[in-house]
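*Asks:* Please read through the structure below; I'll follow up with questions.
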Amino acid sequence: MRNVLTRRRCLTGLAATALCTPTVIGVSPPRAAPLPDLPTLAPSEALLLRPGDDTFAAYQPAFNARVMVEPQLRALCRTTSAVKLMVDWCRTNAVPFALRAGGHCYEGLSQSPSVVIDTRLINQITVDVASATVTAGAGASLGEIYTALSKIAVPGKRGQQFALPAGSCPTVGAAGHVLGGGYGFLARPLGLACDSLDGVELIDAHAAVVEADAQRHSDLFWACRGGGGGSFGVATRFRFRLHPLGSLNVFGMSLRLSPAHAVKVMRDWQAWAPQAPRPVTALMRISRRADGNLDLRCFGQSTGSAAQLRRELKVLGASPQITTMSVFAAIRHFAGSDGWQYASVPMKGKSDYAAGPLGDDGIAALMNGIQRAKSPITVICDPYGGAIADTAPDVTAFAHRAARYCMQYVTTWSDGREAAHLDDVRGLYAAMRPFVSGGAYVNYCDLDLADWAQAYWGRNLARLRQIKSAVDPDNVFRHAQSIAPA
């Protein structure tokens, strides 16, 4: 199983330094105006931290150290009432602010040189066994939710655990993940994280508490399932449906190939993985080896039998190692021993959707681009299909359900050669333009995109703008890629 690498382990493998305190920080934004007198909040309600305060630095690291920004004030809210007060104070005083929960934003959109309303301390988790639901504060990480679920057995189902179909990186915040859709290893059998969302509590632009679900504020609830974070309000609490699951079969296989041979393997993978039986999820990770060849690593899991999985994997012509383990053991396996510690490295990520299989010329462009780039670039391909495609693209705000697979391009560095790394990943992305759909995944946000709103939301954009006009016509909640009112 040493060949199984997830996004988290890929990033730390590409840049093994700056894991806690970033050493590379992007260009500082213009200095913000002085803040008015701060609101009065007891320590039991919030921590109002300024630069130089004892604990300020502990909350400062961002996932992408390249775009890290130091705020004048970080309001670490512990309660919904504290969030209400901070939103009202910012709105009344016309103070710009950003919203942060988990802090895995690729472009630092959860940061501000002025004020950050930070919900990481609202992280309470409650499991209701009778209704098979979990309620989580907006500051809860996926790992914290998974750990809570691992301690509770499914009544009357020996050997089963409750599962939430969400991402594989434990330090990702549940809030941003689900608001953008939420892909993970259980998406093909069980759907995206947003498909298991039953309700969300938000603080709206008038600093009022709003409970949104299928019956109450249903348009807003629709927008919260794929519309991205930071546009409609401050999410403070989520309620998810849980899924009882028995053991999983986890696999990994590695192929070291020339670019020409890699084209054939990728052709076989893209014809099979998005249309495999829905229990099977098989990601493909492509990177360059030191000897100039390519490393193709197919890894994933199945909720079905080991025999079925072994038969399916024969299409790739290699013998996989398959291990049966519990739901939580599989989470620990993919996270790795270091995956439970928040990482901060300089990086750049981009994404694409393949609407159908790439032709050999498109695959060759991908393989040759990875091989010829002067900087290490990793491409991770996530297969769609299965339960993702069962839901029509307009039933939730997540618009890419019909895609064959998503490609994520990632480069990280510790050598100070930021410009070279950015040029290389942008060059590979440009070379793929003739072969892809033009769509992009909002959870892999990318400030390079010219028509980013269309790329993220496609035909759902018009409805999202209408909802924004209804709930936040003055655009109180905004960032560089937030949804604007119609």
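None of the figures in this text is laboratory data; all of them are computed from the coordinates on show. Just so you know, these numbers come straight off a predicted model, no measurement behind them. Neighbour counts are summed over all protein chains in view; Cβ atoms, including those assigned to glycine, are modelled from backbone coordinates with ideal geometry.
*Asks:* At 7 Å along the Cα-to-beta-carbon direction for both ASP390 and LYS151, put a label point, then send me their distance in nm to one decimal.
*Replies:* Distance between the two pseudo-spin positions: 3.1 nm.
*Asks:* Give me the number: length gained by fully extending GLU211 to LYS314, i.e. 0.36 nm times residue separation minus the C-alpha to C-alpha distance, one decimal in nm. Present the calculation step by step, with values, prior to reporting the outcome.
*Replies:* Numbers: separation 103, 0.36 × 103 = 37.08 nm, distance 4.82 nm.
So the extension gain works out to 32.3 nm.
*Asks:* Given the range 19-118, what percent of its DSSP beta bridges are antiparallel, to the nearest 5?
*Replies:* 35 percent
*Asks:* If you don't mind, another one. Could you give the distance between the Cα centres of the range 417-448 and the range 246-291, to the whole Å?
*Replies:* So the separation of the two Cα centres works out to 22 Å.
*Asks:* Over the Cα atoms of the range 236-287, compute the convex hull volume and normalise it per residue, giving Å³.
*Replies:* 150 Å³
*Asks:* Something else: Quick check on packing: order 235-245, 169-179 by the mean number of other C-beta atoms within 10 Å, highest mean leading. Working shown, then result.
*Replies:* Numbers: 235-245: 21.5, 169-179: 26.5.
Per-residue mean Cβ counts within 10 Å order the peptides as 169-179, 235-245.
*Asks:* What FRET efficiency comes out for the pair ALA355/THR40, r = Cβ-Cβ distance, R0 = 56 Å, nearest 0.05?
*Replies:* 0.55
*Asks:* Something else: Going down the list LYS151/LYS468; LYS350/LYS468; LYS264/LYS348; LYS84/LYS468; LYS264/LYS374, which pairs span over 30 Å between their C-alpha atoms?
*Replies:* LYS151/LYS468
*Asks:* How big is the range 265-409 along each principal axis, measuring the range of its Cα positions in Å and listing the largest first?
*Replies:* Principal extents (Cα only, largest first): 41, 37, 35 Å.
*Asks:* Here is a further query. Cα-based Rg of the range 19-118 per 2.2 N^0.38 Å, rounded to two decimals?
*Replies:* Values: Rg = 13.1 Å, N = 100, 2.2 N^0.38 = 12.7 Å.
Ratio of Rg to 2.2 N^0.38 Å for the range 19-118: 1.04.
*Asks:* Turning to a different aspect of this structure: May I ask for the distance between the Cα centers of the range 126-196 and the range 298-367, given as a whole number of Å?
*Replies:* Centre-to-centre (Cα) distance: 19 Å.
*Asks:* Short version: what are the Cα gyration tensor semi-axes of the range 133-257, square root of 5 times each eigenvalue, largest first, in whole Å?
*Replies:* On the way: eigenvalues 156, 64, 31 Å².
Largest first, the range 133-257 gives 28, 18, 13 Å.
*Asks:* Divide the volume of the convex hull of the Cα atoms of the range 199-271 by its number of residues and quote the answer in cubic angstrom per residue.
*Replies:* 194 Å³
*Asks:* Sum up the charges of everything whose Cβ sits under 15 Å from the Cβ of ILE483, counting Lys and Arg as +1 and Asp and Glu as -1, but leave ILE483 out.
*Replies:* My count for the surroundings of ILE483 gives +1.
*Asks:* In what sequence do TRP457, TRP272 fall when counting other Cβ within 10 Å, fewest first? Spell out each step's value before the answer.
*Replies:* On the way: TRP457 26, TRP272 17.
In increasing order of surrounding Cβ atoms, one gets TRP272, TRP457.
*Asks:* Would the chain count as rounded, prolate or oblate if I go by the C-alpha gyration tensor, calling it rounded below 1.5 in a/c and otherwise prolate when a/b exceeds b/c, oblate otherwise? List each step's numbers first, then the result.
*Replies:* Working: a/c = 1.64, a/b = 1.33, b/c = 1.24.
Taking the square roots of the gyration eigenvalues as a ≥ b ≥ c, the chain is prolate.
*Asks:* Between beta-carbons, use under 9 Å as the cut-off and find the net charge around ALA138, counting Lys and Arg +1, Asp and Glu -1.
*Replies:* +1
*Asks:* Express in nm, to one decimal, how much length is gained between ARG459 and GLU418 on full extension, taking 0.36 nm for each residue of separation and deducting their alpha carbon distance. Could you put the intermediate results ahead of the total?
*Replies:* Working: separation 41, 0.36 × 41 = 14.76 nm, distance 3.52 nm.
Fully extending the segment from ARG459 to GLU418 adds 11.2 nm.
*Asks:* Follow-up question, since we're still on this one. Report the percentage of all Cα-Cα pairs in the range 164-223 whose separation exceeds 16 Å, rounded to a whole percent. Please list the in-between numbers first.
*Replies:* On the way: 847 of 1770 pairs.
Roughly 48 percent, once rounded to a whole number.
*Asks:* Ranked by Cβ crowding within 10 angstrom, fewest neighbours first, how are ILE363, ILE322 ordered?
*Replies:* ILE322, ILE363
*Asks:* Further question on the same structure: How far apart, in nm, are two points set 7 Å out from the Cα along the Cα-to-Cβ line at MET325 and at ALA486?
*Replies:* 4.8 nm
*Asks:* Using Cα pairs under 8 angstrom and six or more residues apart, how large is the relative contact order of the chain, in percent? Don't skip to the answer; put the middle values down first.
*Replies:* Working: 1128 pairs, mean separation 86.1, N = 486.
Normalised by residue count, the contact order of the chain is 18 percent.
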